[in-house]
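Please treat every number below as a calculation from the coordinates, not as lab data. Keep in mind the model is a prediction, meaning the values are calculated, not measured. Positions of Cβ are backbone-derived with ideal geometry, glycine not excepted, and every protein chain shown enters the neighbour counts.
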Amino acid sequence: MRTAPTPGQQIEALRDELRHHEHLYYVLDEPKITDAEYDKLMNRLKKLEAEHPALITPDSPTQRVGGKPREGFVKTPHSRPMLSLDNAYNEDELRAWGQRVRDALPASESVQFVCELKLDGLSVALHYGPGSHGSAQLVRGLTRGDGTIGEDVTTNVRTIRSVPLSVSAAKLKAAGLPQSFEVRGEVVLPQAAFVKMNEDRVAQGLAPAVNPRNAAAGTIRTLEPNIVAQRRLDYYAYFLLENGEMLLPAQSATLDALRAAGFRVNQHARTVANIENVIGFIQEAEPLRETLGYEIDGVVIKVDSTAQQRRLGFTGKAPRWAIAYKFPARAATTRLEDVLFQVGRTGKLTPVAALAPVFVGGTTVTRATLHNADEIERLGVRIGDLVEVERGGDVIPKITHVVEEKGSKTPRHKITFPAECPRCKTPLVREEGEVDWRCVNASCPARLEEELRHFASRGVMNIEGLGEVLVAQLLGHSIAEHEADDALGENGDAPTGAPTRKALVHSVADIYTLKKEDLLTLERIGEKSADSLLEQIERSKQQPLNRVILGLGIRHVGERTAQALADEFGSMDALIAASADDLTRINDVGPKVAEAIREYFDNKRNLDLVKRLRTEGLTFTAEKRVRGTKLEGLTFVLTGTLPNLTREAAKEKIESAGGKVSGSVSKKTSYVVAGEEAGSKLDKANSLGVPVLDEAALLRLLEHGAEVA
Ligand code: IVH
């Protein structure tokens, strides 16, 4: 007789299935089911766990996004130092290293080398400890820190989908691993995720990150796991330790075991028998750079045998048994022909270098950013100078320095920052303490162009068809003018050329009064595209309040903040009426953001815009959010004294959101909420890998729920 599976069995089966598909998707890049099917499985698991909260464990696929680490990150010593590597910059240096290795080992022994790509990210150690049913579960993630002491970034590391939260007993067996072990590897931010992150930052009026490595390092140290989860970091494993000692007899075996255990291991690794073959690998690896989708800055070569590694040992700060071959920087020398000035959505003026075309890192570069007036000063660069252009992980090439030239006859001109906006001629303003010059004319056409692009974009009002080209056309540009200008608009800023036709829109609200006959006068717009555009515009009137707020383009107000404002105030009028104090009471809103919001609504022109959007039929509806189920299925333990909430108040809040409060910490505890003088419960949470929240993080969780992002 067969009996129906218990809820516990159902839950375990679903988790196994989800883990299997996560592994296929995030580690092997070979999904076997659609996203929708995956979501369906995930929702079934969430529902079951909600019905049986006692069965929730920290290694469940539903538990990737936890809470906020308290006041920064806890410093924790490494099991053995995380060292850096010595570098080789050419083949001779590499051969010399190979010879030193050879000389240090008996001639009778053969030496094998493992060549791996040198991923340009940051190294992170993952500690696993005994989990249920003979599995291993992730208990801690540490950054390199100073090499001896790292920072505990467990909650953030848990959000990286290619990091297994647990390794089943079967996989441990297949890989030959004990239940406790340590993995070391590299956290990287794939280029696509980097580009997306920078788009978001620019949309919020923030400076873009310079390269994926900095972005990855900044992200892993973000105090807000929800943000980390959105960034789509990736993890490549390359070391396996037990109590600080290499677990397996060879590096090649380590990579195989890591793969068998379900970790993502870079597929471009090769074991070779001599340095000439290492050089062959390097020559094949370098052109890969342009195609990988993530940054590499060289090749790491390791002596394969663990026993030989041990005998070779370490110099002061680096192992003798490994070396990093660094690729030459992707840089070239060219002449600065001119400097153009572009105006962004917030009016910010960006100087852009126009360069004599030069081939760098796989593409021809004709533009480089000069960032701002201070940067021009720092470089001491003039028009006509020979400059070094570098393409790092950065999307936009940059000028690193002026190249000295003897006897050059090229005339030089000092770069003068314009005193007025190149498009509307309004005098530029530089606020105290800021490096950027801005055009403060709110109706500057260059700014309007950027505002329109932002307003219509997918993540905002989602008006399909109203892209860059059409925006330019609506402002009176021909397609040819747009394309000519677009070459300058590489970093997304509005071009500076003047239009040749009359503009059809003068404000974002004018989108809603566009008529079919107007649209038909535009190049490449026929009956069908005009109709579908008008339909899209009409549909966008129903966009929820948070999107409209985002669409206004208030400085520092990105997607999250817009959502928080919509949730908190529920209507546009309430938001307009909110004082700076009301605003800062929201978790996501600091004084700077509050000031920007107040400033925006204190401006009559902006209020008029909102009014017009309303008369044009935008509904500004706040999405109804169901209350009382946010924390369903989650169990909390409170410890210590919270700064504002009493124990009772915290308990009530959790319970009214559907969560449970329990008195003792176990593996089943979803979160421990810790305040001042938290005691043994906090220690227990840390040892079990239960995420710890402070009061602010709890409040955030109460607001947003614990959904996996
Ligand atoms: S082995 C003692 N392998 O490069 C051994 N490191 O310059 C050191 N890195 O801190 C690490 N890819 O962050 C190793 N396949 C790879 C690597 C790699 C990137 C980074 C790592 C390390 C730095 C050393």
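Quick check: pseudo-label points 7 Å beyond the Cα along Cα→Cβ at residue 13 and residue 410, how many nm apart are they?
Each label point is offset 7 Å from its Cα along the Cβ direction, giving 7.1 nm.
Between 340, 532, 698, whose Cα lies farthest towards the positive end of the dipole of the chain when Lys and Arg beta carbons carry +1 and Asp and Glu beta carbons carry -1, centred on the Cα centre?
Result: 698, furthest along the dipole toward the positive end.
How much length, in nm to one decimal, is gained on full extension between residue 51 and residue 687, taken as 0.36 nm per residue of separation minus their Cα-Cα distance?
Values: separation 636, 0.36 × 636 = 228.96 nm, distance 2.69 nm.
Going from the current span to full extension adds 226.3 nm.
Arrange 38, 89, 294 by Cβ neighbour counts within 10 Å, fewest through most, would you? Please list the in-between numbers first.
Details: 38 19, 89 13, 294 23.
Ascending number of Cβ neighbours within 10 Å: 89, 38, 294.
Can you compute the modelled spin-label distance between residue 506 and residue 170, with each label point 7 Å from Cα toward Cβ, in nm?
Inter-label distance under the simple model: 7.0 nm.
Sort 35, 608 so the one with the fewest other Cβ atoms within 10 Å of its own Cβ comes first. Intermediate results must be reported in sequence, preceding the final value.
Numbers: 35 9, 608 12.
Result, fewest neighbours first: 35, 608.
Would you mind getting me the FRET efficiency between residue 443 and residue 541? Use the beta-carbon distance for r and R0 = 22 Å, nearest 0.05.
Details: r = 23 Å, r/R0 = 1.06.
That pair, residue 443 with residue 541, gives E of 0.40.
What FRET efficiency do you get for residue 400 and residue 517 if R0 is 51 Å and r is their Cβ-Cβ distance, rounded to the nearest 0.05? Walk me through the intermediate numbers first.
Working: r = 53 Å, r/R0 = 1.04.
So the FRET efficiency works out to roughly 0.45.
Give, in nm to one decimal, the length gained when the segment between residue 34 and residue 110 is fully stretched (0.36 nm per residue of separation minus the Cα-Cα distance). Don't skip to the end; give the middle numbers.
Working: separation 76, 0.36 × 76 = 27.36 nm, distance 4.82 nm.
Taking residue 34 through residue 110 to full extension adds about 22.5 nm, to one decimal.
Do any trypsin sites (Lys or Arg not before Pro) in the stretch 18-64 lie in a loop, going by DSSP, with at most 12 other beta-carbon atoms within 10 Å of their beta carbon, and if so which? Don't jump to the answer; show the numbers that get you there.
Numbers: sites: 19, 32, 40, 44, 46, 47, 64; in loops: 32, 64.
Listed in order of number, the matching sites are 32.
Which FRET efficiency, nearest 0.05, do residue 619 and residue 286 yield, Cβ-Cβ r, R0 41 Å?
0.15
When a/c reaches 1.5 or more, the comparison of a/b and b/c decides; with that in mind, is the stretch 576-636 rounded, prolate or oblate per its Cα gyration tensor? Could you put the intermediate results ahead of the total?
Numbers: a/c = 4.44, a/b = 1.51, b/c = 2.94.
Oblate, since a/c reaches 1.5 and b/c is not below a/b.
About the Cα centre, and with charges only on the beta carbon of Lys, Arg (+1) and Asp, Glu (-1), how big is the dipole of the stretch 360-466? Nearest 20 debye, please. Write down the numbers at each step before the final one.
Numbers: 16 positive and 18 negative charges, 89 e Å.
For this selection, approximately 420 debye.
Please state the shape class of the stretch 438-480: rounded when a/c is under 1.5, otherwise prolate if a/b exceeds b/c and oblate if not, all from the C-alpha gyration tensor. Could the numbers behind the result be given before it?
Values: a/c = 3.05, a/b = 1.21, b/c = 2.51.
Oblate is the answer for the stretch 438-480, as a/c is 1.5 or above yet b/c matches or exceeds a/b.
Let's see if you can work this out: charge +1 on each Lys and Arg Cβ, -1 on each Asp and Glu Cβ, no other charges. What is the dipole magnitude of the chain about its Cα centre, in debye to the nearest 20?
Numbers: 92 positive and 99 negative charges, 243 e Å.
Dipole of the chain, to the nearest 20 debye: 1160 debye.
Mind running the shape call on the chain? Use the C-alpha gyration tensor, a ≥ b ≥ c as the square roots of the eigenvalues: rounded below 1.5 for a/c, prolate if a/b tops b/c, oblate otherwise.
Working: a/c = 2.00, a/b = 1.18, b/c = 1.70.
Judged from the Cα gyration tensor, the chain comes out oblate (a/c at least 1.5, b/c at or above a/b).
Using alpha carbon centroids, what distance separates the stretch 314-343 and the stretch 177-217, in Å?
A separation of 19 Å, based on Cα centres.
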